[in-house]
Amino acid sequence: MALVVQKYGGSSVGDARSVKRVAKRIAEAKRAGNDVVVVVSAMGDTTDELLDLAQQITPLPPQRELDILLTAGERISMSLLAMAITNLGVKAKSYTGQQAGLITDAVHGRARIVDVVPHRIRETLNKGQVAIVAGFQGVTQATNDVTTLGRGGSDTTAVALAAGLGADVCEIYTDVDGVFTADPRIVPAARKIEQVSYEEMLELAACGAKVLALRSVEYARRYGVPVHVRSSFSAHDGTRVVAAEKKENAMEAPIISGVAHDRSESKITVIGVPDVPGMAARIFEVVAGAGANIDMIVQNVSAAATGLTDISFTLPDGDGPATMAALTAVQGELGFDSLQFDDQIGKLSLVGAGMKSHPGVSARLFGALRDAGINIEMISTSEIRISVVTRADSLDDAVRAVHTAFELDGVDGEAVVYAGTGR
Ligand code: ADP
Ligand code: ASP
Ligand code: MG
């Protein structure tokens with residue numbers, strides 16, 4: 001008998017009919033003799049709708065209240081799912097993150113799981129029942145307040161429970177058949193990846209491939225949790241996320257695993273910065289003080305005549321206003337000319353472990369973008385990734401051009417997107 005943790009994303013439980021459909025699948029897994037723990041996300045776009053609602057009340061809602069609001073979405077889906085499963089003659093009980101023993105730090109909106117004490121889940125399994133857990137939420141011991149884990153956080157709940165319970169597998173059910181060489185919504189010719197290493201998946205997730213939340217992959221790697229990403233709408237085998245040394249046919253692995261894209265960042269340029277020692281340090285102290293997580297940084301060569309330079313960096317859209325305000329406040333002290341804010345950028349990332357040992361990957365990437373007439377604004381690299389910033393409106397074309405240039409296009413039909421709005 002296996003212990004299986006199954007996670008169903010919002011697009012898999014968009015309406016009552018889908019909840020019933022998913023319930024059938026869960027009941028089948030239970031009847032097949034497995035112990036089953038289910039993590040469920042809020043129905044459809046509920047989380048976004050709740051966020052919109054809060055925005056209509058106030059532009060800056062208190063984080064504690066926002067977390068209480070958002071956790072309501074998962075409470076709705078978990079209880080409906082428990083009812084639907086019970087209707088099928090299989091006993092099921094639903095639990096909030098707090099009841100399931102997901103303990104987090106106190107950082108509202110992006111709390112980290114610090115402990116998992118799933119006593120009630122074990123009790124439920126021991127009674128032969130299915131345990132349903134609300135995704136994306138926990139409780140902080142400091143104040144006993146509920147917290148959320150950040151967008152896409154139900155994936156992390158599932159992996160953390162799988163690790164805490166010693167599950168045999170963590171199945172992530174979504175609206176596509178697995179992890180593809182690019183987002184199937186943008187590249188219909190994308191191919192499903194059979195196996196991907198934790199490291200490659202980390203890079204893909206960090207670069208915007210939201211099919212798995214970044215922290216869930218970090219967690220899975222740390223605890224060696226076997227993850228299987230698959231569709232709740234088909235019976236197809238999905239993508240296995242495994243340790244690099246466990247990958248089959250590792251020697252024949254492709255150089256490139258995939259192309260990721262991200263539209264959620266903005267660019268700030270500090271114009272006319274005096275090119276003297278310590279200036280970058282001061283600027284980024286101020287940026288850090290505003291709580292921004294920066295990604296790429298580019299500093300131009302200073303103009304000989306003026307001794308002035310420009311520094312550009314990218315950061316999450318949401319960190320933009322606070323960072324602009326903090327930098328504006330120190331303009332007199334630092335002596336730069338002006339600031340520019342640009343939220344119309346997109347980032348494309350090419351990811352692959354084989355890049356380490358293959359020259360010419362960058363040249364081919366830049367060549368593909370040139371042939372597609374796409375301008376590159378910034379570049380950054382890691383051992384297994386190259387990222388470029390482009391205009392937001394040319395990002396989709398860029399992804400398709402690069403996907404084709406690296407011969408990633410599949411031959412056996414289009415990648416299917418079964419549901420979801422992609423929001
Ligand atoms: P869920 O509601 O199940 O959590 P998400 O919307 O969070 O689903 O994640 C699934 C979506 O991730 C897919 O519909 C797809 O548009 C997007 N996606 C982005 N990159 C990839 C990729 N490389 N492979 C598969 N899906 C991807
Ligand atoms: N409902 C949350 C979100 O939309 C968590 C999740 O879906 O994983 O971000
Ligand atoms: Mg998700």
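Tabulated data for the structure shown
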quantity	calculated
Members of region 293-328 that are in contact with a helix residue (DSSP H, G or I) (Cβ under 8 Å, 6 or more places away or on another chain) and in a helix (DSSP H, G or I)	Thr323, Ala326, Leu327
Residue list for region 173-205, restricted to those being under 15 Å from the mean Cα position of the chain (by Cα) and more than 15 Å from ligand 3 (Cβ to nearest atom)	Ala182, Tyr198, Glu199, Glu200, Leu202, Glu203
Test: residue in region 245-263 that is under 30 Å from Arg423 (Cα atoms), surrounded by 13 or more Cβ atoms within 10 Å (Cβ to Cβ), β-branched (Val, Ile, Thr) and away from ligand 1 (no atom under 16 Å from the Cβ)	no
Matching entry among Gly420, Gly413, Gly354 (being part of a loop (DSSP other than H, G, I, E, B), at pLDDT below 95 and in contact with a helix residue (DSSP H, G or I) (Cβ under 9 Å, 6 or more places away or on another chain))	Gly420
Pairs where the first residue, in region 80-103, is on the phi > 0 side of the Ramachandran plot and the second is of a type in the set (A, V, I, L, M, F, W, C) and not in a helix (DSSP H, G or I), C-beta under 9 Å, 6+ apart	Gly101/Val116; Gly101/Val117; Gly101/Val139
Region 194-230, subset among the small types (Gly, Ala, Ser) and away from ligand 2 (no atom under 16 Å from the Cβ), residue nearest to Ser41 (Cα to Cα)	Ala206
Which numbered condition Ala111 misses (of (1) surrounded by fewer than 24 Cβ atoms within 10 Å (Cβ to Cβ); (2) in contact with an Asp or Glu (Cβ under 8 Å, 6 or more places away or on another chain); (3) under 20 Å from Val159 (Cα atoms))	(1)
All positions within region 265-300 that are surrounded by 15 or more Cβ atoms within 10 Å (Cβ to Cβ) and under 18 Å from Gly318 (Cβ atoms)	Glu265, Ser266, Lys267, Ile268, Val286, Val287, Ala290, Ala292, Ile294, Asp295, Met296
Filter pass, Ala42 being in contact (Cβ under 8 Å) with a residue 24 or more places away in the chain and over 23 Å from the mean Cα position of the chain (by Cα)	no
Qualifying residue in region 367-376 (condition: under 28 Å from Glu194 (Cβ atoms), touching a strand residue (DSSP E or B) at 6+ places or on another chain (Cβ under 6 Å), of a type outside the set (Phe, Trp, Tyr) and surrounded by fewer than 15 Cβ atoms within 10 Å (Cβ to Cβ))	no
Answer residue from region 28-57, given it is in contact with a strand residue (DSSP E or B) (Cβ under 8 Å, 6 or more places away or on another chain) and not β-branched (Val, Ile, Thr) and is nearest to ligand 2 (Cβ to nearest atom) among those	Ser41
Subset of region 184-195 [within 11 Å of ligand 1 (Cβ to nearest atom) and touching a Gly at 6+ places or on another chain (Cβ under 8 Å)]	Arg185, Ala190, Arg191, Lys192, Ile193
Test: residue in region 158-172 that is crowded, with 21+ Cβ neighbours inside 10 Å, under 16 Å from the mean Cα position of the chain (by Cα) and either away from ligand 2 (no atom under 16 Å from the Cβ) or among the hydroxyl-bearing types (Ser, Thr, Tyr) (or both)	no
Search result, residues across region 246-276 that are modelled with pLDDT of 95 or more and among the acidic types (Asp, Glu)	Asp262, Glu265
Which numbered condition Thr46 fails, given (1) within 16 Å of ligand 3 (Cβ to nearest atom); (2) buried (at least 24 other Cβ atoms within 10 Å of the Cβ); (3) β-branched (Val, Ile, Thr)	(2)
Counted residues, region 58-81 - those being more than 10 Å from ligand 2 (Cβ to nearest atom) and either within 18 Å of Gln137 (Cα to Cα) or touching a helix residue (DSSP H, G or I) at 6+ places or on another chain (Cβ under 7 Å) (or both)	16
Qualifying helices (runs of 4 or more DSSP H) (wholly inside region 7-102; at least 1 residues being more than 23 Å from Arg122 (Cα to Cα))	16-31, 46-57, 63-87
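The values are calculated or read from the model by the stated rules, or taken from the named source; none is laboratory data. Being a predicted model, the structure only gives us computed values, none of them experimental. Here Cβ is always computed from backbone atoms with ideal geometry, including for glycine, and neighbour counts include all displayed protein chains.
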